[in-house]
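Colleague: Below you'll find the structure I mean.
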Amino acid sequence: MTATTHAAKPKRTDAQRRENRTGWAFMAPFGILFAIVFIIPIFYAIYSSFFRQVTEGGGAYGGGELVNKFVGFQNFEYVLTSGNFWSGVGRVLIYTLIQVPLMIIIALALAMVIDSFVVKHITGFRLGYFLPYAIPGVVASIIWVYLYNGQISPIVKGLAAIGINVDFFSKNVVLASMANITTWTFTGYNMLIFLAALQAIPHELYEAARIDGASGWQISMRIKLPNVRSAALLSIVGTIQLFNEPQIMQTADPGISKTYTPMMMAMNTSQGTLTPGGDGPASAVAIVMALIAGVLAMIYALVERKANEQ
């Protein structure tokens, strides 16, 4: 008969316990804030999406009071069958196809130039490219709305002086105008992400590639680019949440409706300026958009993984 002996689990010393408690103590403030500003709002949004404000207790002449009534999946049915919602999704997808590739290409090119040995005084270039991101998105949108205004804009007047008349608020141009604002604001931010990813690549890979006879272009395309492609995922998810630019440009362009993008639709629904209004339908809009963003992120991740396997 063979006896099987199990090694006793080593007991933690008092020093290890104190170290663990210290670690949890340092993590506690972040964990509490993360739960308050992220986890709890998500669960509250899911909960409120099953309710809708209805009027109860009114007589023949109206009146009554607004109460939250459980409506099940009616809010989601309203969102999924809303033409305004899907029109907004279509605009956001077109916007994403225009803006994200342009911004990624510019940011990646800047990151590769800074990461190379061509540029000196890297800190100055890095700070200069990042400065637009330090300006709040609302303020940046306001600045560009003035620059787009045909009556006072030096850009419009300068183009008109050479015979090019452009209306940045026209129906066929307004999405490109928004894309320009976002690109101007976030290119520096994405450049820093790409630069961090490039600097994390072991330099031994570069040296091995040069020994094998690889040129600088081949190193960029075969080593640098595959290692930073995943960083573009943040840009795709962020662009889906398009809100600041159309919301501010709406003040100068009446053609931008309250449902121009899904996030604008969610805000105006929560404020009661759209019907049905209230937190319930607005939460349903936000949740559906989160699911769409998740699906797009999964598709991009799968495509990126397939590309890495080749």
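Colleague: Can you pull out every residue in segment 237-264 that is of a type outside the set (F, W, Y) and over 17 Å from the mean Cα position of the chain (by Cα)?
Modeller: Within segment 237-264, the first condition is being of a type outside the set (F, W, Y), and the residues that meet it are 237-242, 244-259, 261-264.
Hits for segment 237-264 are I248, M249, Q250, T251, A252, D253, P254, G255, I256, S257, K258, T259.
Colleague: Taking segment 273-289 as the region of interest, how many residues are within 19 Å of Y44 (Cα to Cα) and open to solvent by 30 Å² or more (accessible area, probe 1.4 Å)?
Modeller: Summing the residues that are within 19 Å of Y44 (Cα to Cα) and open to solvent by 30 Å² or more (accessible area, probe 1.4 Å) in segment 273-289 gives 3.
Colleague: Which of the helices (runs of 4 or more DSSP H) contained wholly in segment 129-217 include at least 1 residues that are touching a Ser or Thr at 6+ places or on another chain (Cβ under 8 Å) and either at positive phi or open to solvent by 60 Å² or more (accessible area, probe 1.4 Å) (or both)? First the steps, then the outcome.
Modeller: Working: elements: 137-148, 154-161, 174-199, 203-211.
Of the helices (runs of 4 or more DSSP H) lying wholly inside segment 129-217, those with at least 1 residues that are touching a Ser or Thr at 6+ places or on another chain (Cβ under 8 Å) and either at positive phi or open to solvent by 60 Å² or more (accessible area, probe 1.4 Å) (or both) span 137-148, 174-199.
The values are calculated or read from the model by the stated rules, or taken from the named source; none is laboratory data. Bear in mind that the values here come from a model prediction, so they are computed numbers and not experimental data. Heads up, the Cβs are rebuilt from the backbone with ideal geometry, glycines too, and the neighbour counts pull from every protein chain shown. Remember, those area values only see protein heavy atoms, side chains included, never the ligands or the DNA or RNA. Shrake-Rupley method; radii C 1.70, N 1.55, O 1.52, S 1.80 Å.
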